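The values are calculated or read from the model by the stated rules, or taken from the named source; none is laboratory data. Just so you know, these numbers come straight off a predicted model, no measurement behind them. Don't worry about glycine lacking a Cβ; one is built from the backbone with ideal geometry, like all the others, and counts go over all protein chains shown.
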Amino acid sequence: MEIRTPLRLLRRAILSSRHTDAFRSRINCFLTQSFVQSYLATPRGSDEARLLRSGRKVYSQNDEDGIIAEIFRRIGTASQRFVEIGAADGSENNTVWLLLQGWSGTWIEGQSSLTAVISKKFETYVTSGRLAVFNAFVNRDSAQELEQKALFSDIDLLSLDIDGNDYHVIEALKKLDARVVVVEYNAKFPPPHKFIMKYNSNKNFMWDMTDYFGASLTAWDELLREKGYRLVGCNITGANAFFVRNDLASGKFCEPLTPENHYEPARHWLTSGFVSGHPPNVGEGHFASS
């Protein structure tokens, strides 16, 4: 049974009332933090071998920044290079925090309006050669073309979130050797259920906001095991799953490395409560890591 169910009811009552947006935002943040603190106080949430307690939002949508940092603390880095497919406008994704800390890599985004924003906002990083930006609709065919150009070679992190053909894109790759792979999973279907959205080749495909998208955690686990990866955790909102290459995963994460052990149910209602204070202003090139 989900803990702190009254918090969800209180949230619903407040958000449907006539309070100001600022007030609702503060209450929403408080309720999210209350749930997260309560969950992390449980035996499962406080288990140091799990990744849940390391979750933290800097520029990610939820708590992915902290989990990614903890994974690399345990396994180390090699190239400090990333590829993110579905980068949006760059202000809130899984790799912008890495970029600001000195990593380099590639962002691929299907909407030209968003890549235009990236090119302007992150001009300093693009000009310096630390960030490459591509406007491309990634499907099975284009994924193979990108692979042939060695786009996925010598990278530490591959992050994928395109709200649809995600599974089919990874399936199409002939060789995958990133140290870490982060994918969005469809938490509507818990283990051992295997769900995979039918491939859609329409370049104008847009997620219709229903539960028909992506793939279940079990489906992802089966596919990425075949490609040499093990599931090491999921984030608290039940949005993203984290896979580590076989040769790096042993003995460093909560065993067993299975969907049954690491599945987190859909708690997408938490997402709007993950705030990082003031609105993000990234890309100016003035960030200096300690």
- [ ] Within the range 49-71, work out how many residues are of a type in the set (A, V, I, L, M, F, W, C) and surrounded by 20 or more Cβ atoms within 10 Å (Cβ to Cβ).
- [x] 5
Task: Hits in the range 28-48 (condition: aliphatic (A, V, I, L, M) and surrounded by 18 or more Cβ atoms within 10 Å (Cβ to Cβ)) - done: Leu31, Val36
Task: Pair list, Cβ < 8 Å and 6+ apart or interchain, from the range 182-204 residues that are under 21 Å from Glu109 (Cβ atoms) and not assigned by TED's automatic domain parsing to the domain that holds Glu264 to residues that are in a loop (DSSP other than H, G, I, E, B) and at pLDDT 95 or above - done: none
- [ ] Tally the residues that are within 17 Å of Lys203 (Cβ to Cβ) and without any contact (Cβ under 8 Å) to a residue 60 or more places away in the chain, restricting the search to the range 159-181.
- [x] 5
Task: Subset of the range 120-133 that is out of contact with any Phe, Trp or Tyr (no Cβ under 7 Å at 6 or more places or on another chain) and crowded, with 16+ Cβ neighbours inside 10 Å - its residue that is nearest to Leu176 (Cα to Cα) - done: Arg130
TODO: Could you tell me whether any residue of the range 90-105 is assigned by TED's automatic domain parsing to the domain that holds Val181, assigned to a helix (DSSP H, G or I), within 19 Å of the chain's Cα centre (by Cα) and free of Cβ contacts under 8 Å to residues at least 40 places away in the same chain?
DONE: yes
